[in-house]
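Reviewing the structure listed below.
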Amino acid sequence: MEIYQAVGQNIHRIRKAQQLSIDRAAALSGVSKSMLGQIERGLVNPTVSVLAPGQRRADQGSDREGRSLF
């Protein structure tokens, strides 16, 4: 398994555990629904420039303490 596939599986697992729809996760992270789906399915290798800003936006838009998507 490639690292980007493991990253995608972890993002998917975290999103489901937090009961976030892909729409909501995309809105919180600033990553498009299409790109987020491709990342979760391990079809693309997301760069740090995609993941890091998405994490900051998800943290800032969090309605639950400690919520982290990426």
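The values are calculated or read from the model by the stated rules, or taken from the named source; none is laboratory data. Computed from a predicted structure; not experimentally measured. Neighbour counts run over all protein chains shown; Cβ positions are idealised from the backbone, glycine included.
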### Task
Keeping to segment 7-18, report how many residues are of a type outside the set (D, E, K, R), in a helix (DSSP H, G or I) and more than 12 Å from PRO46 (Cβ to Cβ).
4
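Let's see how each residue does on (1) assigned to a loop (DSSP other than H, G, I, E, B); (2) at pLDDT 95 or above; (3) surrounded by fewer than 14 Cβ atoms within 10 Å (Cβ to Cβ); (4) not aliphatic (A, V, I, L, M):
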site	(1), (2), (3), (4)
TYR4	no, no, no, yes
LEU20	yes, no, no, no
ASP23	no, yes, yes, yes
ALA27	no, no, no, no
VAL31	yes, no, no, no
GLN38	no, yes, no, yes
ALA52	no, no, yes, no
ALA58	no, no, no, no
LEU69	yes, no, no, no
